[in-house]
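Data first, discussion second: the structure below is written as structure tokens.
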Number of protein chains: 4
Amino acid sequence: MIDYRSDNTGRAAPEILDALVRANRDTALGYGADEWTADLQRRFSDLFETAVRVFPVATGTAANALALASLGPSWGIVYCSELAHINTAEANAAGFFGGGIKLAAIGGKHGKIDAALLAEGLAGIAPGQLHKGQPTAVSLTQATDLGAVYSIDEIGNVAETAKRRGLRLHMDGARFANAVARLGCTPADATWRSGVDIMSFGATKNGGALCDAIVVFSPELTDGLAVQLRRAGQVWSKMRFASAQLIAYIENGLWLEMARASNGIAARIAAGLRDIPAARLLAPIEANEIFLELPDGAMDGLERDGFQFYRRSRTLARFVCRFDTTEAEADALIAALRRNLGTVPRAAE
Amino acid sequence: MIDYRSDNTGRAAPEILDALVRANRDTALGYGADEWTADLQRRFSDLFETAVRVFPVATGTAANALALASLGPSWGIVYCSELAHINTAEANAAGFFGGGIKLAAIGGKHGKIDAALLAEGLAGIAPGQLHKGQPTAVSLTQATDLGAVYSIDEIGNVAETAKRRGLRLHMDGARFANAVARLGCTPADATWRSGVDIMSFGATKNGGALCDAIVVFSPELTDGLAVQLRRAGQVWSKMRFASAQLIAYIENGLWLEMARASNGIAARIAAGLRDIPAARLLAPIEANEIFLELPDGAMDGLERDGFQFYRRSRTLARFVCRFDTTEAEADALIAALRRNLGTVPRAAE
Amino acid sequence: MIDYRSDNTGRAAPEILDALVRANRDTALGYGADEWTADLQRRFSDLFETAVRVFPVATGTAANALALASLGPSWGIVYCSELAHINTAEANAAGFFGGGIKLAAIGGKHGKIDAALLAEGLAGIAPGQLHKGQPTAVSLTQATDLGAVYSIDEIGNVAETAKRRGLRLHMDGARFANAVARLGCTPADATWRSGVDIMSFGATKNGGALCDAIVVFSPELTDGLAVQLRRAGQVWSKMRFASAQLIAYIENGLWLEMARASNGIAARIAAGLRDIPAARLLAPIEANEIFLELPDGAMDGLERDGFQFYRRSRTLARFVCRFDTTEAEADALIAALRRNLGTVPRAAE
Amino acid sequence: MIDYRSDNTGRAAPEILDALVRANRDTALGYGADEWTADLQRRFSDLFETAVRVFPVATGTAANALALASLGPSWGIVYCSELAHINTAEANAAGFFGGGIKLAAIGGKHGKIDAALLAEGLAGIAPGQLHKGQPTAVSLTQATDLGAVYSIDEIGNVAETAKRRGLRLHMDGARFANAVARLGCTPADATWRSGVDIMSFGATKNGGALCDAIVVFSPELTDGLAVQLRRAGQVWSKMRFASAQLIAYIENGLWLEMARASNGIAARIAAGLRDIPAARLLAPIEANEIFLELPDGAMDGLERDGFQFYRRSRTLARFVCRFDTTEAEADALIAALRRNLGTVPRAAE
């Protein structure tokens, strides 16, 4: 079987587990008052070229929901893409941790928020108007839930629209590494220099094991968030074992190296798809995910050929490349797609 | 420095980290649909001699708050000891995850709930009475927050009082291993056979690393809890790395071996205290914690001598033994206490 | 000025205020343990031809949010029309009181839920699937937010679809009187006989003053709801003054008489619109609301002519008839529409 | 029967219902955008000698819980008396509306918060300490739940202690009129001039009918509170009928006249108690409530004699005087107490 189901079905990078094991020495104060967690702050501040606060958390859902909860009051409205993971796949954690926060979907291409549509949505709620709640934040997903990547300009446009109204900006960076690898920019340019106040910094999907992180760029958010995390059961007493993982994740560029690997496999598959018109891409392949509209029956064929992937609908398949997906596995998928779809003419678009 | 600050300042058992590292092979479905998590269910069901459902979670706070949230409606009252960790040290996570659950403190000796006082508290709220909310659960902490251990009979008495009123019973087992090691009973006798519906099964304080667990004995609680955990960001996508830790924790009796070790060190210190009347015990030493009322200035002396511990007040010190605290460290503490307190006559009680 | 802004800008029926004043005698136990509230239970049970429990509440928002909160767990999904008041105009009270309940919008004509689209939405979430939360209820608005009225069959279809999946059915009856007046059916047929478990029984918009009500048809919902209402600050200590209003509201058919009056005025306007093609109806006029697409500038003209109404967009106007809107006021509106729109040819549809 | 059960069992002042009925004219914008509500702002600002914002709400529970929810984050700790209504009788509305706020009880005499004990409680939680949550507000009940009244100095002491730590101050003024009548001070001196940021302004217990109010002295609290009230279903669409009641309540000093009446009856009873040593007062009678420790069996006798009152325990009875309790009713109670207790010698204290 060749597994394209998700980037969370994969292994962790050995370097990350090694670091975890190496942290198992001596005693250390609990709840983050240890030397690894202090070091983590310095490492991420270096990485982002500014003083940031990093909070390791168990999952991306915790990172997203608690970051959003820190951004505004419980009667707030948070704008996101219709397809955003926070809106479709986190059991309304944002609404729960936010004490009643409402997510409002904004349209756009390829899982992105369109800045003009956001402006329109905001115009529909006058400041002080009571009946809908009040806009407080925007959350954009980088890379998007369709595998596309916001350009720096696109982030800036959304940020500017948000800031004009006094809204905060959150980035769900579950696949931030893939986005940065794609953009070839600095982490700083992709975040706070473009207006991001707080981010969910994903590691799990890109070779991590048991933690992601919240990275805070706007320091006034820190104190409240710290208590919310404690209350949420997201502050490990033996925090060093989480911090050590995150240090290893970014050390020597490991995170970007892994992201470039999975992006590269996806690009290799993308190149192979050019000759297969019956497999229609839902969005440009800019990170490590591939969403394909396939003819009826094609998915059955692929499964018979030994491929694992997610069926999003009767005709929509998702393939995800991991940091350790091999070129041979990519070529096998292309070959199988050719075998199964070769004679099907491409539908007019 | 000799560290008696907490059992969460310590290392993890190497067996647990080894198991985590060994789980880093192949691909595996996310969110608990993996073979390790399936195996975990079997192992714990064997351990508890009944079919249980085990949910790994990141922290004991998450275990407690989500277990309590699964037990009843948001307008519920949960009875616990005044000293219970859920009441004093978890930032009101129970109130938050429970959507407004109220904790009501019940008195008792040594951090226990007194069943008679519980009955009295319950009698003060008539069924259907609206103004206070409605009693829904009791949470008892085993071992208690003063280092004492409920006997099986004591658990049964609380359980019977609770059940007469239709209340559920939760056990905060952050130090369950220490309690079972002390009681010499089966895990089953200490929990569901005594009326416990759901428990927080602690591992972190007893040589664990990054996870504890919720163990469900009353199966009707499972489905709702599963969604609550997902929404709480407590379901790791790479769950295998958590489940592998918990399997190793109980494999070959490791958990009890570690608990016996830390209990044994505490008992060794207890024996040494008999000749030091100026150090007054707040509760019998039945697990791995020691709460000592000390004369003014004594704590300064101990710190100068290189001991680390928590000052609970000007005169109350807490010493916690870890699974890897050595007999030499115990003897050193006794010697230091003798040095510092030897000439101070014991206060009349 | 002639006021078509809302049915909540109007007066209360004198009968209702008279009853309130008449209740100002003797002493009476608080929080609903009074004779008026007991009588209210009997009167509504007679009206609905079954034993119901009636809870007076201050507002329709409270009625909706608390009714929904009583229907299922905090991780529930409640399906409603995209245009439902609970989704667009109650500051996410449902999400708040429900502890994180998520509203999911279902399409349909004229503000209704289409049963087939509901079935499709439900099919997208497998039972036990964790990532989205779990469907728990459907809320339909009768009359709808576009002034249309569900037929008994349409309610039954939605109910059947909901019940097949084990979902509860809530009816937002802010304009229930208008709907019943239109349908000419019994209140029982329009509610529990069609599968409704609980309803928000509106009075304010139809000549009430300071209260609406929750009516419970499924008695197992009552006990929990009672505590939730108390906690929500919706249980007046001098409840008799609320209950007396609601008794007067339904006594001698006053509620239906008033609804027939406002419906009648709307129908009179509808008849007048037939000759004014430039005023395009968004939905059939089946209750007391009229939504008109008007040519640019037409609203300015109407305002200059002394009419008050809501501008929903640059070209969409809402006119609402109250129980005391007069035929002369209706005729004046028709005349003004003719004056302002007479020469504008109707757009092709 | 003579009713001493509560001040909420009583009638409303006719002036208040008259005003409600007089407001039933013309049309008026909904949700508080009417002339009565505008007038209400002016009247209360005059009364309090500063610009205040008044929000009518349905109940004192709503006033308390929403005022507290406006004062700080959901992880806050609110200090109150052990006996405070918010802590004992509102179904944890504060915890619910506050999204997990925790109430922490502070001791003191006669239902008051002792400023020194408050300072001690605050000293136990270091700023930034995560495990308990963070102190955010103090709520004092004026008059207290034992019928005592804080002096201006006592309020100031609590306020100063709170402000030193940056905490906000809430006053639960369910019986504020009784307290002001007792103190003979201005409403301003009893509130914002003594450090109160926001108050629950009770009317119901003192001759009101269907509304109380939140009065905001610190204007930065207003905007958030306005949305919270809307979301809480506490903003009547026909707000004029509530605002008119509150205007009438304070017009021409009606509120203080009624409070002086009920206080006067309580004082008359207090005078009568001097000769009845077997009836032991739990607190000085400074408002309209009387808490009496009575010998076993005495309450049965009083009930046989036709008196209604609340049994707080086997030996503790509460008698509440209403604005329309008569001197004859007071004298009858004194006579009955003499009859029932006359020969019982007073217990040593």
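Tabulated data for the structure shown
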| read-out | value |
| --- | --- |
| Rounded to whole Å, sorted largest first: equivalent-ellipsoid semi-axes of segment C:171-221, Cα gyration tensor | 18, 15, 6 |
| Value at 222 nm in deg cm²/dmol, rounded to 500, when DSSP H runs of n ≥ 4 in the protein assembly as shown each add -39,500 (n - 2.57) | -11500 deg cm²/dmol |
| Chain D Cβ-axis minimum, rotational copy C, residue and distance in Å | D:Ala58, 2 |
| Karplus (6.51, -1.76, 1.60) ³J(HN,Hα), θ = phi - 60°, over segment B:249-261, in Hz, Gly and Pro reported as x | 4, 9, 5, 6, x, 3, 4, 6, 4, 5, 5, 4, 5 |
| Two-site FRET efficiency, C:Gln308 against C:Ile152, from Cβ-Cβ distance with R₀ of 22 Å, rounded to 0.05 | 0.05 |
| Rounded FRET efficiency, nearest 0.05, which uses the C-beta distance separating C:Glu82 from A:Gln129 and R0 of 25 Å | 0.85 |
| Cα point-scatterer Debye curve for segment A:14-252, base-10 log of I(q)/I(0) at q = 0.11, 0.12 Å⁻¹ | -0.52, -0.62 |
| Whole-Å semi-axes of the ellipsoid equivalent to segment A:199-292 (Cα gyration tensor, √5λ, descending) | 36, 16, 11 |
| For A:Gly107, label point 7 Å along C-beta direction: distances to other copies, nm | 1.2, 6.6, 6.7 |
| Karplus (6.51, -1.76, 1.60) ³J(HN,Hα), θ = phi - 60°, over segment A:231-246, in Hz, Gly and Pro reported as x | 5, 7, x, 10, 10, 4, 5, 9, 4, 3, 5, 7, 4, 4, 4, 6 |
| Ascending list, in nanometres, of distances separating the A:Asp39 label from those of the other copies (7 Å, Cα toward Cβ) | 3.1, 7.3, 7.8 |
| Over 59 Å [Cα-Cα, the protein assembly as shown], rounded percent | 20 percent |
| Trypsin sites (Lys or Arg not before Pro) within segment A:20-98, DSSP loop, no more than 15 other Cβ atoms inside 10 Å | A:Arg25 |
| Rounded, prolate or oblate (a/c below 1.5 giving rounded, otherwise prolate when a/b exceeds b/c) for segment C:128-223 by Cα gyration tensor | prolate |
| Whole-Hz ³J(HN,Hα) from phi, Karplus 6.51 cos²θ - 1.76 cosθ + 1.60, for segment D:63-74, glycine and proline x | 4, 4, 5, 6, 4, 5, 5, 7, 8, x, x, 5 |
| Exercise: per-residue mean of other protein chain Cβ atoms within 10 Å, A:203-211 | 4 |
| For segment A:14-252, share of DSSP beta bridges that run antiparallel, in % to the nearest 5 | 35 percent |
| Neighbourhood net charge (14 Å Cβ-Cβ; Lys/Arg +1, Asp/Glu -1) for A:Ala65 | +2 |
| Cβ-defined net charge surrounding B:Tyr310, 9 Å radius [Lys, Arg +1; Asp, Glu -1] | +4 |
| Rounded to 5, the percent of DSSP beta bridges in the protein assembly as shown classed as antiparallel | 45 percent |
| Simple spin-label estimate for B:Asp331 and D:Arg42 in nanometres, 7 Å along Cα-Cβ | 8.8 nm |
| Bridge type composition, segment A:140-293 - antiparallel percent by DSSP, nearest 5 | 50 percent |
| Copies compared at A:Arg314 - label distances in nm, ascending, label defined 7 Å from Cα in the Cβ direction | 4.0, 7.4, 7.8 |
| Formal net charge of residues neighbouring A:Val158 (Cβ-Cβ distance under 9 Å; K, R +1; D, E -1) | -2 |
| Top of B:Thr136, B:Thr326, B:Thr191 by mean-square fluctuation, Gaussian network on chain B, Cα under 10 Å | B:Thr326 |
| Where labels lie 7 Å past Cα in the beta-carbon direction, separation of B:Ala33 and D:Asp26 in nm | 6.4 nm |
| Cα gyration tensor category, rounded, prolate or oblate, for segment D:104-169 with a/c compared to 1.5 | prolate |
| Debye log10 I(q)/I(0) for segment C:66-140, one point scatterer per Cα, at q = 0.24, 0.28 Å⁻¹ | -1.12, -1.34 |
| Inter-part distance where segment C:262-325 and segment B:271-349 are each reduced to a Cα centre, Å | 83 Å |
| Centre separation in Å (Cα based) which lies between segment C:184-214 and segment C:54-127 | 17 Å |
| Computed over segment A:242-347, Cα set: Rg, Dmax in Å | 15.4, 52 |
| Label-reachable residues, segment B:190-217, where backbone N falls under 18 Å from a point 7 Å from B:Asp18's Cα toward its Cβ | B:207-210 |
| Trypsin sites (Lys or Arg not before Pro) within segment B:258-349: DSSP coil, no more than 11 neighbouring Cβ in 10 Å | B:Arg274, B:Arg314 |
| Overall form of segment B:1-100 per C-alpha gyration tensor (a/c, 1.5; a/b vs b/c) | oblate |
| P(r) weight above 16 Å for segment A:251-305, C-alpha pairs, percent | 52 percent |
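The numbers here are math on the coordinates, done by the rules we state, and not lab data. As the structure is a computational prediction, the values presented were derived from the model and not from experiment. When we count neighbours, we look across all protein chains shown, and the Cβ atoms used for this are built from the backbone with ideal geometry, even at glycine.
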